[in-house]
Every structure is written in structure tokens, then in C-alpha cells.
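Below you'll find the structure, written out as C-alpha cells, and then a few comments.
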Amino acid sequence: MKAIIINEPGGPEVLKMGEHSTPKASSKEVRIKVIATALNRADTLQRKGLYPPPLGASSILGLEVAGIVDTLGDEVSHAKIGDRVCALLAGGGYAEYATVSEDLLLPIPDEMSYVQAAGVPEVFLTAYQALIYLAELQEGETILIHAGASGVGTAAIQIAKSLGVKIIVTASKGKHKLCEALGADLCIDYKSQNFETEVLKYTDGKGVNVVLDFLAASYFQQNINSMAVDGRMVMLAAMGGIKVTDLEMGKIVWKRLKIMGSTLRARSLDYKIKLTNDFKNQFWSKFTEGPFKPIIDSEYDWSDVVKAHKRMEANENAGKIILKIS
């Protein structure tokens with residue numbers, strides 16, 4: 001099969017169209033004829049050699065796909081050939097075919113295109129894990145979502161809004177309208193405003209109950225200062241660095257803060273199955289009945305994967321960048 005191949009770590013230019021062995025479905029897996037996949041920050045890190053795939057996962061980039069089931073493993077019980085599905089992967093999405101456990105399949109609603117569906121699994125499951133499993137976000141609380149216009153950010157806004165939560169986001173000025181349309185109550189331009197000052201002003205000095213963070217070191221102290229008593233912070237990436245040289249630790253103790261880090265890719269299959277089922281049971285109907293929707297920034301033919309990666313690394317996207325597999 002055709003796939004996007006990396007022969008050596010590096011910049012976007014190392015991504016090349018090539019040949020790779022076609023995966024075979026194991027007994028409880030299905031094989032999907034991939035029609036669309038989506039970019040994630042993890043893809044750019046793996047491309048650079050900084051985020052190797054979990055043991056046993058495909059070395060091909062791509063953590064989610066949308067397509068058609070074309071092969072069934074011997075013990076598959078409910079998936080059928082021809083099913084329109086999308087799914088979370090541990091790798092292998094930038095290819096003509098991908099295999100995945102049938103228990104990770106999400107049915108694509110009739111109203112949703114393959115391009116739209118490819119933008120759902122990774123970001124909505126990541127946001128669901130962070131907000132529901134880890135932060136235990138509750139109705140009436142206030143959340144600060146950094147990178148509000150990112151894929152995970154836009155999913156988190158929608159989930160938080162459905163729970164009856166007040167939402168503050170940080171994003172560049174040009175992306176505020178999108179965040180507001182999804183349900184953000186306050187948008188802060190991180191380039192020209194101090195988010196800590198704005199958060200405390202908005203909350204009358206109380207701070208937020210939950211922080212969803214992707215920056216780590218560069219925002220760590222400000223995040224702590226912005227949190228309310230018994231606040232929870234979930235850190236999903238370290239785009240702002242991994243070392244803090246000057247930190248006031250006392251507030252973590254005095255405010256009884258919970259600080260959690262998490263990734264999804266290396267979680268066990270059983271964990272991912274439970275996460276997928278819980279999300280599907282609680283929220284999947286909102287994609288057909290409203291108001292949930294994947295936010296698609298742009299679409300590229302997969303032959304233009306270099307351009308797609310450059311767009312993501314320049315932080316130009318608002319929502320998901322999709323690769324259409326031709």
C-alpha cells in the first residue's frame with residue numbers, strides 16, 4: 001500500500017510518499033480503507049524523532065482515521081464490511097489502510113462526511129479524558145482552556161459548554177470569533193494580554209476551578225495563580241518547555257491544588273475501549289442532534305502533507321488539518 005514514510009527524523013520535508021506493507025487485521029480487529037486522516041501535534045514530534053510510537057504500534061504517523069471497513073478479523077462480532085467508521089489509533093493513519101480493534105470504532109453519522117469524521121476521535125477523546133475522567137469538571141464551575149482554537153481546545157469548549165460550565169480561553173485575536181461561536185464566555189489574546197490578570201478579573205479574584213494546559217513550564221506559575229481553591233489542572237503537552245526555574249510552591253499546598261499530566265496514545269487497549277464507549281454513550285448523539293461538530297481548519301491531499309505540517313507548526317490552524325487519502 002501507499003503510505004507517508006519517514007526515513008530519518010527532521011522537518012516537514014522528510015515526509016515522503018512511499019510503499020509499506022499492508023496491515024493485516026488480527027482476530028478482533030478490522031481493517032479500514034482510509035479515506036481521511038488528521039494531523040496532531042504528536043505527529044510533528046514523532047517526525048522529529050521526539051515521540052516514538054508505543055511498543056507494537058505502527059511506525060507510520062497518524063492517530064485517527066475515517067473510512068470504510070473492508071476486512072474483518074475472525075473473532076469480530078459486530079462490525080460489518082462496508083461500515084462507515086472513524087477511530088482512534090496508536091499510529092498508522094497516514095496510509096491507504098489501517099487496522100484497529102473493532103471496539104474502538106465510532107459509527108460515522110449519515111450527516112457527517114469522512115473529512116469531518118477524521119477530525120473527531122483524537123481531539124474529542126483527549127478532551128473527554130481530560131475534562132471528565134481527570135478534572136471531573138462539574139456544572140457551574142469555571143474552566144480556563146489554553147489554545148482554545150486548537151483541535152483539542154475546540155472539542156473541550158464544546159464538552160464544557162454542554163456541562164453548563166463557564167469557559168475562558170486563550171487564543172490569538174483572530175481566532176476569538178471561532179471560540180466564542182463554540183461557547184467561550186471570555187477570550188483572552190495571549191499575545192497582548194496577561195491571562196492571569198484577566199482570569200482573576202473575570203472571576204472576582206476567585207480563580208478558575210479547572211485549567212486545561214498545553215504549555216507546561218512557560219505558563220505553570222500563572223496557571224497556579226489563576227486557580228481557585230481545590231482547583232485541578234490537566235497538562236496534555238509541554239509546548240512551552242519542561243523546566244521551571246522559579247516557582248512559588250506554597251499556593252499548591254494552600255489552595256489544595258491537583259496537578260495532573262496525561263497522554264492518551266500509550267494507554268492500554270482496555271482503557272481506550274472504555275474511554276471510547278463512555279464518550280459514545282454520553283456524547284455521540286450530540287453530533288447528530290447537535291450541538292457538537294468537528295472544527296475543520298483545512299483539507300490537503302495527502303501528497304501535500306509537507307504543506308499541512310508546515311501550517312500546523314506555524315500555528316496558523318484553527319481546528320483540525322485533514323489529509324484526504326487519494
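Bear in mind that the values in this text are calculations on the coordinates, not laboratory data. Just so it is clear, the model here is predicted, and its values are computed rather than measured. Using ideal geometry, Cβ is built from the backbone for each residue, glycine included, and neighbour counts are taken over all protein chains shown.
Past 18 Å, Cα to Cα: identify those pairs from Lys33/Lys324; Lys28/Lys280; Lys173/Lys286; Lys2/Lys33; Lys177/Lys320, in the order given. Distance filter (> 18 Å) returns Lys28/Lys280; Lys173/Lys286.
Computed over the stretch 6-110, the range of Cα coordinates on each principal axis works out to 41, 28, 22 Å, biggest value leading.
Shape annotation for the stretch 60-100: C-alpha extents along the principal axes are 28, 18, 15 Å, from largest to smallest.
Using alpha-carbon positions, what is the distance between the centroids of the stretch 212-263 and the stretch 176-190, in Å? Rounded to whole Å, the Cα centres lie 22 Å apart. Legend: ranking of residues Tyr94, Tyr133 from fewest to most surrounding C-beta atoms inside 10 Å; resulting order Tyr133, Tyr94. Placing a label point 7 Å from the Cα of Val306 along the Cα-to-Cβ direction, the residues of the stretch 15-51 with a backbone N closer than 11 Å are 15-17.
Take every DSSP beta bridge whose two residues both sit in the chain; close to 55 percent of them are antiparallel.
Length gained on full extension, Tyr271 to Lys28, computed as 0.36 nm times the residue gap minus the Cα-Cα distance: 85.9 nm.
Cα convex hull, the stretch 124-261: 96 Å³ per residue, rounded to a whole number. Using a simple spin-label model with pseudo-atoms 7 Å out from Cα toward Cβ, Leu45 and Glu316 lie 2.4 nm apart.
Shape analysis of the stretch 70-165 based on the Cα gyration tensor places the equivalent ellipsoid semi-axes at 30, 14, 13 Å, largest first.
Listed by chain and number, the lysines whose C-alpha is less than 24 Å from the C-alpha of Lys255, apart from same-chain residues fewer than 8 away, are Lys166, Lys201, Lys206, Lys243. Calculated mean residue ellipticity at 222 nm for the chain: -7000 deg cm²/dmol, from DSSP H runs with n ≥ 4 weighted as -39500 (n - 2.57), summed, divided by the residue count and rounded to 500. Between the listed residues Ala87, Leu72, Leu50, the Cα displaced farthest toward the positive end of the dipole of the stretch 23-90, a dipole computed from Cβ unit charges relative to the Cα centre, is found at Leu50.
Of Gly151, Gly140, Gly119, the residue with the greatest mean-square motion in the GNM of the chain, using alpha carbon springs below 10 Å, is Gly140.
For the stretch 65-138, the list of GluC sites (Glu not before Pro) that fall in a loop by DSSP and count at most 15 other C-beta atoms within 10 angstrom reads Glu75, Glu111, Glu136. A simple count of charges around Ala237, restricted to other residues whose Cβ falls under 10 Å of its Cβ and scoring Lys, Arg +1 and Asp, Glu -1, yields 0.
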